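Below: the structure, in structure tokens.
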Amino acid sequence: MSADISCSPEAGLKAVPKMDMEDQWDVITKEELLQIQEEMEKSPDKGLAKINEYLEKQNNTPLNIAITGESGSGKSTFINAFRGINDSDEGAAPTGPVETTVVVESYPHPNHPNVTLWDLPGVGTPNFPADEYLEKVGFERFDFFIIIAAFRFKENDVKLALEIKRMGKKFYFLRSKIDSDISNEERRKKNFNRQKTLDDIRENCIQGLRDQGIDDPQVFLVSSFELHQFDFHLLEETLERELPAHKRNAFLYALPNISKEIIKKKKEAYQAQIKYHAAVSSVGAAVPVPGLSTAVDLALVVGVVTQYVNGFGLDKESLERLSVSSGVPYSELVSVMTSKLGGTTITPELIKKVLSQLALEAVLMVAEEVSRFFLFIGIPVAMCLSGYATSRILNFFLDQVAEDAQRVFEKAVEKNSEV
């Protein structure tokens with residue numbers, strides 16, 4: 001996808017990429033879009049400030065996810081798996097067979113610190129009695145609750161869910177350790193049927209919740225050690241559908257790459273922002289100083305491509321953690337990436353090296369500088385060329401990073417799971 005560029009000699013400093021709301025993952029409101037367009041018409045600087053304000057808000061939208069359940073239910077392991085880290089890593093939520101959470105603990109995502117998972121003590125413990133639980137854990141700060149059980153949901157879980165509902169927030173039941181249940185059943189039964197076992201577990205949980213007063217409960221079966229299996233994708237789709245629009249991308253970017261569909265959605269979300277980056281580039285090109293826009297664009301591209309690499313979990317730290325959890329050597333994960341952008345620091349030199357392979361972008365950059373010497377038509381044309389080139393370049397890098405993320409995902413799961 002590339003920005004739709006509209007420019008003419010008469011357009012002057014208003015020659016910027018057109019922006020619309022057709023993209024599925026563009027969560028900008030109509031009011032925000034109108035404000036950007038109005039500011040653009042007043043002056044490029046004001047328009048630039050508005051665009052940067054929007055992009056900053058998108059990248060720093062806070063999302064607070066509460067995880068609760070009885071001791072031994074697998075809360076901490078789920079928190080670590082969602083954050084893409086291993087139980088033994090620095091900063092991991094402590095795990096164990098006994099209650100390890102005695103106070104409310106926050107665990108920010110390592111690549112997206114605006115997304116925080118909160119490990120809550122089990123409801124009904126001495127310091128957190130059921131009737132005071134929500135007040136004591138700080139109910140208002142959380143966007144939604146995930147209630148985890150390793151076997152069946154109990155009375156305190158149901159009380160908590162009903163109180164959360166009464167107070168107007170969402171909750172989701174997650175039945176953990178499904179991989180262990182499946183393995184145990186397979187060993188016990190001659191005529192083992194995997195799907196029937198999963199259906200029986202789900203129905204047993206649903207019926208138990210109905211018997212305790214929960215209408216039409218949804219129960220998601222999950223293994224924290226194999227998030228790409230079972231119902232995690234259904235949980236992801238449900239949250240994506242039910243979260244407020246301005247929280248949706250924050251949630252999506254923080255998700256581990258455990259399916260081709262998640263990688264595709266991340267790409268679409270990043271793609272929806274490219275027109276705004278292109279507009280920033282166009283405004284930079286309006287300043288009639290040879291070389292300035294190219295410098296601005298290069299810094300912009302470095303920053304955005306770094307977001308792509310971190311968002312798809314291709315930074316060195318994320319790849320090292322994936323190597324440990326998947327059992328695939330780090331060198332093998334790196335070897336399947338063709339862009340050479342993963343596992344390294346994104347620098348202007350690296351960007352220029354990759355761009356040297358793209359004749360079209362090089363021509364556009366040169367044309368932008370040449371066009372500045374035509375005082376009356378040069379600046380509008382330079383703005384159009386700058387915005388268009390930036391859009392093409394970012395789409396190219398996004399394609400490369402998303403394709404690498406797909407290859408790394410397939411490599412990580414090919415040994416022991418179906419993709």
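The values are calculated or read from the model by the stated rules, or taken from the named source; none is laboratory data. This structure is a prediction, so every number in the text was calculated from the model and none was measured. As a convention, Cβ positions derive from the backbone with ideal geometry for all residues, glycine included, and neighbour counts pool all protein chains shown. Areas reflect the complete protein model, heavy atoms only, side chains present, ligands, DNA and RNA absent. Shrake-Rupley method; radii C 1.70, N 1.55, O 1.52, S 1.80 Å.
So, in the stretch 230-281, exactly how many residues are aliphatic (A, V, I, L, M), outside any loop (DSSP other than H, G, I, E, B) and buried (at least 18 other Cβ atoms within 10 Å of the Cβ)?
Residues meeting the conditions: 12.
Would you mind finding the one in Val336, Val354 that is β-branched (Val, Ile, Thr), on the phi < 0 side of the Ramachandran plot and modelled with pLDDT of 85 or more?
Answer to the selection: Val336.
Given the criterion within 25 Å of the chain's Cα centre (by Cα), at pLDDT 90 or above, surrounded by fewer than 21 Cβ atoms within 10 Å (Cβ to Cβ) and within 22 Å of Tyr253 (Cβ to Cβ), identify the matching residue among Asn111, Asn86, Asn80.
Residue meeting the stated conditions: Asn111.
All but one of (1) open to solvent by 30 Å² or more (accessible area, probe 1.4 Å); (2) under 25 Å from Ser183 (Cβ atoms); (3) not acidic (Asp, Glu) hold for Val222; state the number of the condition that does not hold.
Of everything listed in (1) open to solvent by 30 Å² or more (accessible area, probe 1.4 Å); (2) under 25 Å from Ser183 (Cβ atoms); (3) not acidic (Asp, Glu), Val222 misses just condition (1).
Out of (1) of a type in the set (A, V, I, L, M); (2) over 28 Å from Asp211 (Cβ atoms); (3) crowded, with 21+ Cβ neighbours inside 10 Å, what's the single condition that is false for Ile178?
Ile178 satisfies every listed condition except (2).
Tell me, which residue of the stretch 404-419 that is among the aliphatic types (A, V, I, L, M) and surrounded by 24 or more Cβ atoms within 10 Å (Cβ to Cβ) is modelled with the lowest pLDDT?
Here the answer is Ala412.
Which condition does Val401 not pass, out of (1) within 28 Å of Leu227 (Cα to Cα); (2) open to solvent by 20 Å² or more (accessible area, probe 1.4 Å); (3) of a type outside the set (Gly, Ala, Ser); (4) modelled with pLDDT of 85 or more, if it passes all the others?
Going through (1) within 28 Å of Leu227 (Cα to Cα); (2) open to solvent by 20 Å² or more (accessible area, probe 1.4 Å); (3) of a type outside the set (Gly, Ala, Ser); (4) modelled with pLDDT of 85 or more one by one, Val401 breaks only (2).
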